[in-house]
Amino acid sequence: MPREAAADRRFRNAVERLRMPGMGTEVVAPLLASLIHLVRPHRVLEIGMGHTTPFLARALAEAEEQAAAEADGLARKTLPYLEDGRELDEDWVQAEPALLVPSRYLEPYRPKLVAIDDFSDADSSAPRVTRALAELGLADRVTVVNADLRSAVERLPDEFRPIDFAWVDAWDCLYFFENCWELIDPDGGIVVMHYLMTYPEGEAILQYIAESQRLRPGEFEVLSLLESHKLRQNSVTVLRRTGGATPREYSDTGQRPRLGGRMRADALALARSLETPGGGRPRHPGAENGSREELRKPRDAARATAVRTSAAAPDTGRREQA
């Protein structure tokens with residue numbers, strides 16, 4: 001059996017042992033994993049461990065690996081433009097890895113997951129999660145805080161702010177909204193809440209959130225999705241904080257990317273960060289023998305320099321950075 005297939009089968013077996021039919025996360029858990037891949041959050045908080053925890057942890061591990069591969073590919077496809085002094089063009093946009101924003105790769109992607117649970121729910125699979133994570137090689141991906149939400153916030157790591165993505169799967173949605181909202185990144189931070197639809201208490205919370213949105217225009221967006229074929233545990237409500245959102249205007253009319261100014265500076269700075277054995281220039285298709293400049297700095301150190309270089313580049317009056 002191929003290694004990837006075996007790993008996937010091992011993951012399915014491990015999470016199936018954590019699945020509690022009455023918890024209703026069969027579809028939600030893969031959805032959360034897909035959202036992680038979509039938005040690539042740096043700081044992820046889970047309230048209520050269980051079936052979803054390995055999905056979050058694995059998605060973050062996969063996203064980190066993918067981001068590293070993309071950074072390398074982006075730098076390598078940019079290197080000929082650096083060496084030849086060419087402007088970036090549509091061929092550069094379309095070449096694999098395609099469509100990437102260079103500023104998102106100047107710093108390594110190192111996401112963190114903190115999971116809060118007091119392990120008091122006898123019907124939860126939370127007590128078995130740690131063992132499953134260890135079995136899957138994901139234990140070091142999750143920092144577990146053994147406490148209820150009300151006492152756990154002060155125990156979060158100092159560097160764990162702002163929170164980019166929170167999954168609230170506990171009877172604490174209202175408390176979280178009222179007391180933890182300021183922890184969420186105002187530049188698009190996401191909160192996903194479980195099971196608020198189709199019963200009076202949950203609907204009251206949704207009405208309160210809707211009224212808060214009306215009174216605080218522009219602060220956040222709300223979307224509730226219903227699994228209408230289920231009696232309960234049958235919805236997710238997604239809140240996206242927008243009060244401090246940064247415009248990301250990557251393209252002009254017709255989706256024509258803005259490839260000069262900051263965009264070009266970021267791409268070239270990333271290309272300079274390449275490290276190769278022996279200190280020579282990385283090989284790339286069509287490269288000539290010899291190097292026009294030595295690229296010898298270790299990647300992480302070079303990226304720190306790249307960030308400073310990029311910050312000093314002319315903006316050209318357009319917002320192109322992430």
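Protein chains only, probe 1.4 Å: how do 51, 229, 37 rank by accessible area, largest first?
Of 51, 229, 37, the descending order of accessible area is 229, 37, 51.
Could you pull out which residues in the stretch 227-261 have an amide N less than 19 Å from a spot 7 Å beyond the Cα of residue 198, following the Cα-Cβ vector?
It comes to 227-238, nothing else.
Compare 55, 176 by solvent-accessible area with a 1.4 Å probe and give them largest first, with all protein chains kept in place.
Output order, biggest surface exposure first: 55, 176.
Between residue 182 and residue 19, how many nm apart are label points set 7 Å from Cα along the C-beta direction?
4.2 nm
If I ignore ligands, DNA and RNA and count only protein heavy atoms, how much of residue 39 is accessible to a 1.4 Å probe, in Å² to the nearest 10?
Residue 39 exposes around 60 Å² with every protein chain in place.
Around residue 46, which amide H atoms from residues at least 5 apart in sequence, or from another chain, sit under 5 Å from its own amide H, with H modelled in the peptide plane?
Amide H neighbours of residue 46: 114, 115, 116, 167.
What is the magnitude of the charge dipole of the stretch 100-245 about its Cα centre, with +1 placed on the Cβ of each Lys and Arg, -1 on the Cβ of each Asp and Glu, and no other charges, expressed in debye to the nearest 20?
Magnitude of the dipole: close to 360 debye.
Need the full-extension length gain, residue 148 to residue 231, defined as separation in residues times 0.36 nm minus the C-alpha distance. One decimal, nm.
Extra length available between residue 148 and residue 231 comes to 27.2 nm.
Could you work out how much longer the chain between residue 107 and residue 120 gets when fully extended? Use 0.36 nm per residue separation minus the Cα distance between them, nm to one decimal.
Between residue 107 and residue 120, full extension yields an extra 0.8 nm.
Each residue of the stretch 189-197 in turn: what ³J(HN,Hα) in whole Hz from Karplus with 6.51, -1.76, 1.60 and θ = phi - 60°, glycine and Pro shown as x?
x, 10, 10, 10, 10, 9, 6, 10, 9
Ignoring ligands, DNA and RNA, how do 219, 159 rank by accessible area with a 1.4 Å probe, largest first?
159, 219
Run the simple label-point estimate for residue 39 and residue 175 please: 7 Å along Cα→C-beta, distance reported in nm.
According to this spin-label approximation, the distance is 2.3 nm.
Using amide H atoms built in the peptide plane, which far-off residues or other-chain residues are under 5 Å from residue 24 H to H?
Hits under the 5 Å cutoff: none.
For the stretch 90-211, build the charge dipole from Cβ charges (+1 Lys, Arg; -1 Asp, Glu) around the Cα centre, then report which of 134, 174, 97 sits farthest towards its positive end.
The residue sitting most towards the positive pole is 134.
Between residue 234 and residues 5 or more places away or on another chain, which pairs have amide H atoms under 5 Å apart, with H built 1.01 Å from N, and which residues are they?
195, 197
State, to one decimal in nm, how far the label point of residue 253 lies from the label point of residue 12, with both points 7 Å from Cα in the Cβ direction.
In this crude spin-label approximation the distance works out to 5.1 nm.
Going 7 Å from the Cα of residue 64 toward and past its Cβ, which residues in the stretch 112-143 have a backbone nitrogen under 19 Å from where you end up?
Within reach of a label on residue 64, which here means backbone N under 19 Å from a point 7 Å along Cα→Cβ, the stretch 112-143 contributes 112-116, 130-143.
Assign one of three labels to the stretch 170-220, namely rounded, prolate or oblate, based on the Cα gyration tensor with a ≥ b ≥ c the square roots of its eigenvalues; rounded applies when a/c is under 1.5, prolate when it is not and a/b is larger than b/c, and oblate otherwise.
Taking the square roots of the gyration eigenvalues as a ≥ b ≥ c, the stretch 170-220 is oblate.
For residue 112, what accessible surface area do you get with a 1.4 Å probe? Give it in Å², rounded to 10.
120 Å²
Given the whole protein assembly as supplied and a 1.4 Å probe, what does the accessible area of residue 26 come to in Å², nearest 10?
Near enough 60 Å² of accessible area.
The values are calculated or read from the model by the stated rules, or taken from the named source; none is laboratory data. Since we're looking at a predicted model, the values are computed, not measured. Cβ: placed from backbone, ideal geometry, glycine included. Neighbour counts: every protein chain shown. Areas reflect the complete protein model, heavy atoms only, side chains present, ligands, DNA and RNA absent. Shrake-Rupley method; radii C 1.70, N 1.55, O 1.52, S 1.80 Å.
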